[in-house]
1. Past 22 Å, Cα to Cα, is the threshold; run Lys5/Lys86; Lys57/Lys86; Lys86/Lys119; Lys86/Lys133; Lys57/Lys133; Lys59/Lys95 against it and keep the listed order.
2. Just to be sure I understand the curve: with the Debye formula and one point per C-alpha of the stretch 141-183, what is log10 I(q)/I(0) at q = 0.31 Å⁻¹?
3. How big is the charge dipole of the stretch 89-184 about its Cα centre, in debye rounded to the nearest 20, if each Lys and Arg gets +1 on its Cβ and each Asp and Glu gets -1 on its Cβ?
4. What is the ratio of the Cα radius of gyration of the stretch 9-92 to 2.2 N^0.38 Å, with N the residue count, to two decimals?
5. Summing +1 for each Lys or Arg and -1 for each Asp or Glu, what net charge is found among the other residues whose Cβ lies under 10 Å from the Cβ of Gln60?
6. Going by average Cβ density within 10 Å per residue, which order do the peptides 83-94, 2-13, 102-113 take, highest to lowest?
7. Sorted from largest down, give the three principal axis spans of the alpha carbons of the chain, whole angstrom values.
Amino acid sequence: MHLEKNVERVYISAEEIQERVTQLGQEISEFYPADEEIVVIGVLNGSFCFMADLVRKIKQPAIIEFFGCSSYGSGTESTGNLRITKDLDRDIADKHVLVVEDIVDTGTTLARLRTFLSKRNPKSIRIVALVDKPSRRKVETPVDFVGFEIEDYFVVGYGMDFADHYRNLPYIGVLKPEAYESTEN
Ligand code: IMP
């Protein structure tokens, strides 16, 4: 499979991403008190590029963690139905937690994750998402820092996948319709 053959167009360029990530890093650094430690939690797998770039723009001391989960079931309830594939390696009680998400779509995953993490009694929970699709929201859940609000497109690249492909594209793109029919093209 040729990586870029199925890309219909570049939706957000690598340069635009870097510029916005730098701004987000500044917003986050100004939001937290200087010298206050933050546990930054990247939600696997989609956040790995964003996480790597963002943490280098944050001025506070950061503890880097990853959390693997996927939500199942179509219910809109904000508890349960969260399958944990990788739990945190440390206790977050009484810590400032910053959750790093690639994209918020219906909001289901984020709402469930927030409920799950809240039970561990962190000092605060804030969310940063690179991309937000507000028109798709089914579960209202606050997103504190947003990189880009986009229309209802399925996007890939810079960590985001379709059927486990395209995560290593340096930009955020939209695929050609035929690409969704097969990953063998
Ligand atoms: P939600 O629970 O519906 O908000 O879905 C969130 C998750 O679905 C994200 O963390 C992504 O893994 C995936 N997702 C939603 N929309 C897209 C997209 O446009 N491209 C790639 N993955 C997406």
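1. Long pairs (Cα-Cα over 22 Å): Lys5/Lys86; Lys57/Lys86; Lys86/Lys133; Lys57/Lys133.
2. After summing over all Cα pairs, the log10 values are -1.16.
3. 620 debye
4. Numbers: Rg = 15.4 Å, N = 84, 2.2 N^0.38 = 11.8 Å.
This ratio for the stretch 9-92 stands at 1.30.
5. Summing Lys/Arg as +1 and Asp/Glu as -1 gives -2.
6. Answer by packing, highest mean first, reads 102-113, 2-13, 83-94.
7. 49, 37, 29
Values in this text are rule-based calculations from the coordinates and carry no lab data. Since we're looking at a predicted model, the values are computed, not measured. Glycine gets a Cβ as well: all are built from the backbone with ideal geometry, and neighbour counts include every protein chain shown.
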